[in-house]
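Asks: Could you have a look at this structure, given as structure tokens, before my questions?
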Ligand code: HPA
């Protein structure tokens, strides 16, 4: 099975018919959207819930990833809305994340390996993203850029200008609130992953304009492009 995990701006998938299924996991219940007919190998998971009701720090990431693992998902593409810090990923652009810095502060349930019967495992993070998935995505869309390093803040508030200057000094290119927790758990669950980032704003204090997000129409256009790309990556022959 394959999965697309969507976030802000990508809370639904309208390219083929899906059935909704409530899945129980030991961490809580999750609603998955499973493709029908020839797309029954593809699952869509809206990480904030289908009504976008969960803020990033309250998402039950373990339940989400656990539900995908129950369905035998072996490859998942995460789609992440970000703010741009460097010029690597300009506003309105889509790219592949190459690394992350986790600044969520350890307050989230961020690991399956909690000791005892849940083991003590230190998952390597030197090669976070699956090179083959990235290669296949790039082969389908040559215009994908290298989005660089994703700094993951706890949110839900946005960053101050001073915080963005600090993140820039640390080597971050884009900022968001979900990727590090989710990708770590995907790695722990043995699910290969690649991360598509799309920029919806310049981060606080970057550039001269006042802070603003791109418009809903542009977001809808980018959503279409990214979800079509993911579906092309996982055609029915990839079941
Ligand atoms: N900061 C944090 N998360 C975000 C941003 C941002 O500027 N834009 C989209 N997600």
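The values are calculated or read from the model by the stated rules, or taken from the named source; none is laboratory data. Treat the numbers as computed from the prediction; the structure is a model and nothing was measured. All Cβ positions, glycine included, derive from the backbone under ideal geometry; neighbour counts span all protein chains shown.
Asks: Are there any pairs, at least 6 apart or on different chains, whose C-beta atoms fall under 6 Å, with the first in the stretch 68-81 and in contact (Cβ under 8 Å) with a residue 24 or more places away in the chain and the second part of a loop (DSSP other than H, G, I, E, B) and more than 16 Å from the ligand (Cβ to nearest atom), and if so, which?
Replies: Correct list of pairs: 69/189; 71/1; 72/1; 73/1; 73/191; 76/191.
Asks: Show me the strands (runs of 3 or more DSSP E) entirely contained within the stretch 1-76 in which 2 or more residues are surrounded by 20 or more Cβ atoms within 10 Å (Cβ to Cβ).
Replies: 2-6, 28-35, 42-46
Asks: Can residue 193 be described as away from the ligand (no atom under 16 Å from the Cβ), in a strand (DSSP E or B) and either at pLDDT below 95 or buried (at least 17 other Cβ atoms within 10 Å of the Cβ) (or both)?
Replies: So residue 193 passes the test.
Asks: Identify all residues within the stretch 116-153 that are in a loop (DSSP other than H, G, I, E, B) and under 21 Å from residue 186 (Cα atoms); write none if there are none.
Replies: Scanning the stretch 116-153 gives 119, 120, 121, 122, 123, 124, 125, 126, 127, 128, 129, 130.
Asks: Out of curiosity, is residue 235 surrounded by fewer than 16 Cβ atoms within 10 Å (Cβ to Cβ), within 15 Å of the ligand (Cβ to nearest atom) and within 30 Å of residue 67 (Cα to Cα)?
Replies: Answer is no for this residue.
Asks: Oh, and also: So which of 172, 180 is assigned to a helix (DSSP H, G or I), modelled with pLDDT of 95 or more and within 16 Å of the ligand (Cβ to nearest atom)?
Replies: 180
Asks: Are there any pairs, at least 6 apart or on different chains, whose C-beta atoms fall under 8 Å, with the first in the stretch 168-191 and in contact (Cβ under 8 Å) with a residue 24 or more places away in the chain and within 15 Å of residue 48 (Cα to Cα) and the second within 11 Å of the ligand (Cβ to nearest atom) and in a loop (DSSP other than H, G, I, E, B), and if so, which?
Replies: Partner pairs satisfying both residue conditions: 177/154; 177/155; 177/156; 178/7.
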